[in-house]
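Chemist: Next up is a structure, given as structure tokens.
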Amino acid sequence: MCIRPSGIGQHRVFLSFLSSSLSISGWTEKHVSVKMYIQKEGIMLFHSHTKIGLAYKWWVTIAVTIGMFMSLMDSTIVIVAIPQMQKAFGADIHSVQWVVTIYMLTQAAVIPTAPYLIARFGGKRTYVWTLSAFLLGSLLCGFAWNLPTLIFFRLIQGIGGGILLPLVMTLLYQAFPPEERGTAASIMGIPLMIAPMLGPVLGGYLISAFGWPWAFFINVPVGIVAVVIAQKVLRQSPLEQQKIRFDGAGFLTAASGNALLLYAVSDLTSGNVTITTVSLLFGSIVLLLAFVAIELLKVRYGRVPLLDLRRFRDRTFTFSTLTQVLNFFVRFGILFLIPIYLQTLHQESPLQAGAIQASQAVATLAILPIGGKLADRIGPRPVVIVGLLVFATTAALLITLTLTTPIWKIVGMLLLLGCASGLLQQIPVAAMSRIKKEEHKEIANGSTLLIVLQATAAPLGVAVFSSIVQARSQQYTILLATQGIKGELVQLQSTLLAMHESFLLAVLLLLVALGMMCLVPPRRKETNEEAEHVREMELIA
């Protein structure tokens, strides 16, 4: 007799360390697997008695790690594929950037809905739905027949990707006791580090061998495994007993305001200054101000807001968050341009470009623990200041790039960029350093605000930098043509000069960020333990 447990016996093909059978006392010479469903407070709990004694928290870790790894790796692969998409669809930089920005914008819009969805439908159900949406979006993106359909399918993918990351941390923190949550955060750091290194190389190979659709098709087998394991292994968490109200007005004003702002800023920076564009910019500002008013009124009358903006009363949080916004704005703008430079201007293959870009992730992985230890000793503020100086220096070096820059120089610049990224991971620690360890609600609120704002800044950076390159390259093309430069060299050189202007803008914005960080008060000695606790939770964010 063999009773196979759903969630365990059916996944031996995926998990090699799962034992093929187990013995139960009272059953001699029989190897069986048993599943028990225990009714407790209306919730069916899954228990499995196995020789290996794998606790439920480790099953949760396996389930959510696969999903998080897929989402993080997808972002790095798509960036490598951008130049190939540009060629396949005959699109300019300004148009193809929407493949990246629409995904990021959707993520920023749906992130605040995660707590409501978890409370309303439960963690397991929401996680499975989220993975399914991401999987469906990936499949549709691979079959996109033109750029508009690809952008629309990326929006669907972004709905799943945006809710996925907050869900991962929620499910982990529910499964692990408080004294083991540092371990949970460390475990989640594994895909956070591996995905950026593996993604560019794997993506470069797939795109070189099979074409850009495989930047999305690679998610399909991984996504199916993640959905099946999550469905079979995760327990459904108890639902909230009281009626939960969703802040629909706040969600609509924030989402529409951000979308209009992104579109208007992208058009304005590309040189399309019209009455319509200016009106859209004005409308976005009005909607965002309405969002602020709605959220403050909800707090005043004792209702739960989508985002609690009272956290900005904390000077440390405010200036640290502004620094993070500028950091994400510049970093993602530069990351969008680097693969275009490598593949279009420097004539590297997708595989070569992916391998070169992976050096940045290696540097981040190496410097990250060093930055964490320094932050524990001297506080996150000086670590971030050094990181901003390194970042600004790297952006200045990028201005010196030419069409024939040696590979070793490019790799050196990317290594510096990775080092800066590792040091700047301490910005969330600085932002949360004034919140006491026991104030769990304030920690959650601050984390959500920080994640939403940085997720909003990233697509804006991509849109602005790509629009500048698009607009200025056209002007440089005319200028170079008058100087007698002809053929393909005109287009390549004009694009490079336009990139130089974007990198110069990056230097100026990073100097502003440096000034913001200098306004953050130094950390008090008595908050060392609190900052360490916050760092464990915010490193993933």
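Chemist: Would you check which residues across the range 367-392 are within 23 Å of Pro406 (Cβ to Cβ) and either under 20 Å from the mean Cα position of the chain (by Cα) or not in a helix (DSSP H, G or I) (or both) and list them?
Modeler: The answer is Phe391, and nothing else.
Chemist: Identify, by number, the condition in (1) within 19 Å of Gly446 (Cα to Cα); (2) surrounded by 14 or more Cβ atoms within 10 Å (Cβ to Cβ); (3) touching a residue at least 40 places away in the same chain (Cβ under 8 Å) that Val292 doesn't meet.
Modeler: (3)
Chemist: Also, I was wondering about something else. Scan the range 356-413 residue by residue and report those that are more than 24 Å from Phe465 (Cβ to Cβ), out of contact with any helix residue (DSSP H, G or I) (no Cβ under 6 Å at 6 or more places or on another chain) and of a type in the set (Gly, Ala, Ser).
Modeler: Within the range 356-413, Ala366, Gly372, Gly379 meet the criteria.
Chemist: Further question on the same structure: Quick one: would you say Thr405 is crowded, with 20+ Cβ neighbours inside 10 Å, among the β-branched types (Val, Ile, Thr) and in contact (Cβ under 8 Å) with a residue 12 or more places away in the chain?
Modeler: no
Chemist: Kindly evaluate Thr101 against the criterion of being touching a Pro at 6+ places or on another chain (Cβ under 8 Å), of a type outside the set (A, V, I, L, M, F, W, C) and in the same structural domain as Ser75 (by TED's automatic domain parsing).
Modeler: It is true that Thr101 is touching a Pro at 6+ places or on another chain (Cβ under 8 Å), of a type outside the set (A, V, I, L, M, F, W, C) and in the same structural domain as Ser75 (by TED's automatic domain parsing).
Residue-by-condition table, conditions (1) of a type in the set (Lys, Arg); (2) modelled with pLDDT under 85:
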residue: Lys35; (1), (2): yes, yes
residue: Glu41; (1), (2): no, yes
residue: Met44; (1), (2): no, yes
residue: Gly53; (1), (2): no, yes
residue: Met73; (1), (2): no, yes
residue: Val96; (1), (2): no, no
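Chemist: Listed residues Leu337, Leu297; which is in a helix (DSSP H, G or I) and buried (at least 19 other Cβ atoms within 10 Å of the Cβ)?
Modeler: The conditions single out Leu337.
Chemist: Moving on to the next point. Could you tell me whether any residue of the range 220-236 is in the same structural domain as Arg120 (by TED's automatic domain parsing), of a type in the set (D, E, K, R), assigned to a loop (DSSP other than H, G, I, E, B) and modelled with pLDDT under 85?
Modeler: The answer is yes, given that some residue of the range 220-236 is in the same structural domain as Arg120 (by TED's automatic domain parsing), of a type in the set (D, E, K, R), assigned to a loop (DSSP other than H, G, I, E, B) and modelled with pLDDT under 85.
Chemist: Say whether the condition of being assigned to a helix (DSSP H, G or I), closer than 29 Å to Tyr103 by Cβ and of a type in the set (Gly, Ala, Ser) is met by at least one residue in the range 393-409.
Modeler: yes
Chemist: Against the condition of a type in the set (Asp, Glu) and modelled with pLDDT of 50 or more, how does Glu526 come out, does it pass?
Modeler: No: the conditions fail for Glu526.
Chemist: Report yes if some residue within the range 345-368 is buried (at least 17 other Cβ atoms within 10 Å of the Cβ), in contact with a Lys or Arg (Cβ under 9 Å, 6 or more places away or on another chain) and either more than 24 Å from Glu501 (Cα to Cα) or free of Cβ contacts under 8 Å to residues at least 24 places away in the same chain (or both); otherwise report no.
Modeler: no
Chemist: A further question follows. Could you say which residue among Ile435, Ile468 is modelled with pLDDT under 85 and buried (at least 23 other Cβ atoms within 10 Å of the Cβ)?
Modeler: Exactly one of Ile435, Ile468 is modelled with pLDDT under 85 and buried (at least 23 other Cβ atoms within 10 Å of the Cβ), namely Ile435.
Chemist: Separate question: Select from the range 184-195 the residues that are within 13 Å of Thr76 (Cα to Cα) and at pLDDT below 75 and list them in ascending order.
Modeler: Those that are within 13 Å of Thr76 (Cα to Cα) and at pLDDT below 75: Pro191, Leu192, Met193.
Chemist: In addition: Return the total of residues in the range 154-183 being modelled with pLDDT of 75 or more, farther than 20 Å from Leu449 by Cα and buried (at least 21 other Cβ atoms within 10 Å of the Cβ).
Modeler: 2
The values are calculated or read from the model by the stated rules, or taken from the named source; none is laboratory data. Being a predicted model, the structure only gives us computed values, none of them experimental. No Cβ is skipped: glycine too gets one built from the backbone with ideal geometry, and neighbour counts run over all protein chains shown.
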